[in-house]
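Asker: Got a structure here, written out as structure tokens. Questions coming.
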Amino acid sequence: MDTLNQYEKYLREISKLNSAVALLVWDQRTYIPKGGHEARAEVVGKLSTMAFEMSVSDELGGYLEALERQDGLSEAQAASVRVVGKQYRRTKAIPATLFEQYVIDRSRSEAAWEEAKANGDFALFKPHLAKMVDYAKQFAEYYGYQDCPYDALLDEFEPGMTSRELKTIVEPLREKLVPLLRRLMEDGTPPDGSLIEGSFPLDRQHELSLRALRAINYDFEHGRMDDTVHPFTIGIAPGDVRITNRFIETMAISGLMSALHEGGHALYDLGMPAELHHLGLGNGASFGIHESQSRMWENMVGRSLPFWKLFRRDLVDVFPQLSSATAEDLYRAVNVVQPSLIRVEADEVTYNLHIMVRFEIEQALFDGSLAVADLPDAWNTAMEKYLGVRPSNNAEGVLQDVHWSGGMFGYFPSYMLGNLYSAQLLATIKREIPDLDARIESGDTKALLDWTREKIHRYGQIHEPKDLILKVTGESLSPSYFLDYIEAKFFPIYGL
Ligand code: ZN
């Protein structure tokens, strides 16, 4: 058997282990009885360690080394050698003893964060956070970078992105978005969001989400939706990508919007050919591109007027008490803009401002201009400056997100990039499918799905995000599409 065959066979063995882990984790987060957790954690640990050891083995290193010199690889095979090789080198770069200590300290840090958040007590979390920052700094040195350590962290989530490039996107975005928000709040007339608040039985909300998923072509032959605490999407294997959801009784559509969001992630995963999974390329081009697919279905479809012209009858069928609401009323109700303290509750206009606060803080932490002890102050000041709101305690401020407690630095920008990518993609889609709105209104959402499959999904990780965006839209990423989209949508809603 030649090296290529051996390599592909080896990757398949790793993905079988990962597939088993994914199924066990899905069960852990949905149906496992309480008494099963302890034993399950050991099984997950065992299988994960086996997959990890295979992914850093000398055997894999040997295949990669041989294939890096081999001519005649297909586009996908060459991409596989590049992507798998990069991950291999990154993981191998960290000394095993350092990584083991990190894993121990990370679980302490996560536990401390939970307690600190519950009590709004930053001092409790501070020494753990300082440790996590210190680990990330050490890892960045091992990974290597050109300009600054933060780039090495960003690269994990958005391959090829640097902080210098991000700044050229963030700064013009902020300069326009902050005054735009102020204008909406000061001069605009807010829509009435109260009509979708009240009492909405959870089983009916579940039914509504199933209908929404069918409306966007999520295929229940290849997935399912189950209840959980925090919604997520999980790929068990090619052809089996599941989502989970949670519902809030007082809010008619919060679960529906989560279903569209997770459904968007699942459609992306399901749109990747199985052979890319087997080549280790089945994860999406980046976290940002993945997020662009979820935001597209959640916001650009799910919060659009054509969607509500289509979906109003389902909503009213499930919740007859909403029968007096028109499609226009519903469209306006799902598009209330409200600067708030909590990122996960943010609307389309304010969401990126929450991310900017985090991005600036992360940059400052890693260039040494901000000490961990000064984080709460830096956070509160930035929130006030960009969103006009100031947390009164750290639980609704700097302690609100789990990411930093687990050492995830450089992740937050993915959310913002997802918003920006999706707006730029939508502008291209509307050029190429001029009657997109009419199609969605008539129930033909397949046109949009087919477009994303053809232009994005089928490539998996073959292209880096910046190449993919250039290839598909004809331009590098620009925040102007997002700003145009926000203006065109929200100024009319706010009567401006
Ligand atoms: Zn997401």
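The values are calculated or read from the model by the stated rules, or taken from the named source; none is laboratory data. Just so you know, these numbers come straight off a predicted model, no measurement behind them. Cβ: placed from backbone, ideal geometry, glycine included. Neighbour counts: every protein chain shown. Heads up: the accessible areas ignore ligands, DNA and RNA and are worked out on the full protein's heavy atoms, side chains in. Shrake-Rupley method; radii C 1.70, N 1.55, O 1.52, S 1.80 Å.
Asker: Of the residues G460, G474, which single one is crowded, with 22+ Cβ neighbours inside 10 Å, within 29 Å of R82 (Cβ to Cβ) and among the small types (G, A, S)? Step through it out loud before you land on a result.
Answerer: Details: G474 fails: crowded, with 22+ Cβ neighbours inside 10 Å.
Selected residue: G460, the only one of G460, G474 that is crowded, with 22+ Cβ neighbours inside 10 Å, within 29 Å of R82 (Cβ to Cβ) and among the small types (G, A, S).
Asker: Is there a residue in the stretch 222-231 that is open to solvent by 10 Å² or more (accessible area, probe 1.4 Å) and within 12 Å of the ligand (Cβ to nearest atom)?
Answerer: Looking for residues that are open to solvent by 10 Å² or more (accessible area, probe 1.4 Å) and within 12 Å of the ligand (Cβ to nearest atom), one finds at least one in the stretch 222-231, hence yes.
Asker: Separate question: Looking at the stretch 232-244, which of its residues are more than 17 Å from the chain's Cα centre (by Cα), open to solvent by 20 Å² or more (accessible area, probe 1.4 Å) and either within 16 Å of the ligand (Cβ to nearest atom) or touching a residue at least 60 places away in the same chain (Cβ under 8 Å) (or both)? I'd like the intermediate steps shown before the answer.
Answerer: Taking the stretch 232-244 and keeping what is more than 17 Å from the chain's Cα centre (by Cα), we get 236-240.
Now restrict to residues that are open to solvent by 20 Å² or more (accessible area, probe 1.4 Å): 237-240.
Listed by number, the list holds a single entry, A237.
Asker: Here is a follow-up. I'd like the full set of residues that are within 11 Å of the ligand (Cβ to nearest atom) and either assigned by TED's automatic domain parsing to the domain that holds S19 or among the hydrophobic types (A, V, I, L, M, F, W, C) (or both), limited to the stretch 279-295.
Answerer: The one that is within 11 Å of the ligand (Cβ to nearest atom) and either assigned by TED's automatic domain parsing to the domain that holds S19 or among the hydrophobic types (A, V, I, L, M, F, W, C) (or both): F287.
Asker: A further question follows. In the list F307, F247, which residue meets the criterion of being in a loop (DSSP other than H, G, I, E, B), on the phi < 0 side of the Ramachandran plot and either more than 14 Å from the ligand (Cβ to nearest atom) or buried (at least 24 other Cβ atoms within 10 Å of the Cβ) (or both)? Quick ask: steps written out before the conclusion?
Answerer: Details: F307 fails: in a loop (DSSP other than H, G, I, E, B).
So the residue among F307, F247 that is in a loop (DSSP other than H, G, I, E, B), on the phi < 0 side of the Ramachandran plot and either more than 14 Å from the ligand (Cβ to nearest atom) or buried (at least 24 other Cβ atoms within 10 Å of the Cβ) (or both) is F247.
Asker: Scan E328, E298 and give me the residue that is within 16 Å of the ligand (Cβ to nearest atom), among the charged types (D, E, K, R) and open to solvent by 20 Å² or more (accessible area, probe 1.4 Å). Lay out the reasoning, then the answer.
Answerer: Details: E328 fails: within 16 Å of the ligand (Cβ to nearest atom).
Sole residue among the options that is within 16 Å of the ligand (Cβ to nearest atom), among the charged types (D, E, K, R) and open to solvent by 20 Å² or more (accessible area, probe 1.4 Å): E298.
Asker: Now a separate question. What are the residues in the stretch 386-425 that are open to solvent by 20 Å² or more (accessible area, probe 1.4 Å) and within 30 Å of L449 (Cβ to Cβ), if any?
Answerer: If the condition is that a residue be open to solvent by 20 Å² or more (accessible area, probe 1.4 Å) and within 30 Å of L449 (Cβ to Cβ), then Y411, Y415 are the ones that fit.
Asker: Going by what's in this entry, would I14 be described as surrounded by 15 or more Cβ atoms within 10 Å (Cβ to Cβ) and either basic (K, R) or not in a loop (DSSP other than H, G, I, E, B) (or both)?
Answerer: Values: surrounded by 15 or more Cβ atoms within 10 Å (Cβ to Cβ): yes; either basic (K, R) or not in a loop (DSSP other than H, G, I, E, B) (or both): yes.
When the stated conditions are applied, I14 passes them.
Asker: Go through the stretch 261-278 and report how many residues are away from the ligand (no atom under 11 Å from the Cβ), hydrophobic (A, V, I, L, M, F, W, C) and in a helix (DSSP H, G or I). Break it down into steps so the answer makes sense when it comes.
Answerer: Taking the stretch 261-278 as the starting set, the residues that turn out to be away from the ligand (no atom under 11 Å from the Cβ) are 267, 269-278.
Retained after the next criterion (residues that are hydrophobic (A, V, I, L, M, F, W, C)): 267, 270, 272, 274, 276.
Right, trim to in a helix (DSSP H, G or I) and you get 267, 270, 274, 276.
Number of matching residues: 4.
Asker: Okay, next question. What pairs come out if I take residues in the stretch 436-452 that are more than 14 Å from F307 (Cα to Cα) and pair them with residues that are exposed (fewer than 14 other Cβ atoms within 10 Å of the Cβ) whose C-beta lies under 8 Å away, six or more apart or interchain?
Answerer: Short answer, once both residue conditions are applied: W451/E432.
Asker: How many residues, within the stretch 426-435, are without any contact (Cβ under 8 Å) to a residue 24 or more places away in the chain and either within 17 Å of I486 (Cα to Cα) or open to solvent by 50 Å² or more (accessible area, probe 1.4 Å) (or both)?
Answerer: Applying the first criterion (without any contact (Cβ under 8 Å) to a residue 24 or more places away in the chain) to the stretch 426-435 yields 429-435.
Within this subset, residues satisfying the condition of being either within 17 Å of I486 (Cα to Cα) or open to solvent by 50 Å² or more (accessible area, probe 1.4 Å) (or both) are 429-432, 434-435.
Residues flagged as without any contact (Cβ under 8 Å) to a residue 24 or more places away in the chain and either within 17 Å of I486 (Cα to Cα) or open to solvent by 50 Å² or more (accessible area, probe 1.4 Å) (or both) within the stretch 426-435 amount to 6.
Asker: Restricting the first residue to the stretch 36-47 and requiring it to be within 17 Å of S107 (Cα to Cα), which pairs with a second residue that is among the aliphatic types (A, V, I, L, M) and assigned to a helix (DSSP H, G or I) meet a Cβ separation below 7 Å and a spacing of at least six or different chains?
Answerer: V44/V21; V44/L24; V44/V25
Asker: Which of (1) under 25 Å from the mean Cα position of the chain (by Cα); (2) over 19 Å from K9 (Cα atoms); (3) surrounded by 14 or more Cβ atoms within 10 Å (Cβ to Cβ) is the odd one out, the single condition A76 does not satisfy?
Answerer: Just one mismatch for A76, condition (2).
Asker: Which one of these is more than 16 Å from E396 (Cβ to Cβ) and without any contact (Cβ under 8 Å) to a residue 24 or more places away in the chain: L365, L370, L330? Break it down into steps so the answer makes sense when it comes.
Answerer: Numbers: L365 fails: without any contact (Cβ under 8 Å) to a residue 24 or more places away in the chain; L330 fails: without any contact (Cβ under 8 Å) to a residue 24 or more places away in the chain.
Sole residue among the options that is more than 16 Å from E396 (Cβ to Cβ) and without any contact (Cβ under 8 Å) to a residue 24 or more places away in the chain: L370.
Asker: Still on this model: Anything in the stretch 245-266 that is touching a residue at least 24 places away in the same chain (Cβ under 8 Å) and under 19 Å from I32 (Cα atoms)? List them, or say none.
Answerer: Of the stretch 245-266, the ones touching a residue at least 24 places away in the same chain (Cβ under 8 Å) are 245, 247, 249-253, 255-266.
Matches in the stretch 245-266: N245 only.
Asker: Spot the failing condition for S19; the list is (1) of a type in the set (G, A, S); (2) under 23 Å from the mean Cα position of the chain (by Cα); (3) under 29 Å from A136 (Cβ atoms), and only one is missed.
Answerer: Result: S19 passes all but (3).
Asker: If you don't mind, there's one more thing I want to ask. Could you please find all residues in the stretch 332-361 being under 20 Å from L420 (Cα atoms), at pLDDT 95 or above and in a helix (DSSP H, G or I)?
Answerer: R343, Y351, N352, L353, H354, I355, M356, V357, R358, F359, E360, listed by residue number.
Asker: Given the residues I440, I456, which is the only one that is assigned by TED's automatic domain parsing to the domain that holds H277, more than 18 Å from E291 (Cα to Cα) and of a type in the set (V, I, T)? Let's see the steps before the verdict.
Answerer: On the way: I456 fails: more than 18 Å from E291 (Cα to Cα).
Among I440, I456, only I440 is assigned by TED's automatic domain parsing to the domain that holds H277, more than 18 Å from E291 (Cα to Cα) and of a type in the set (V, I, T).
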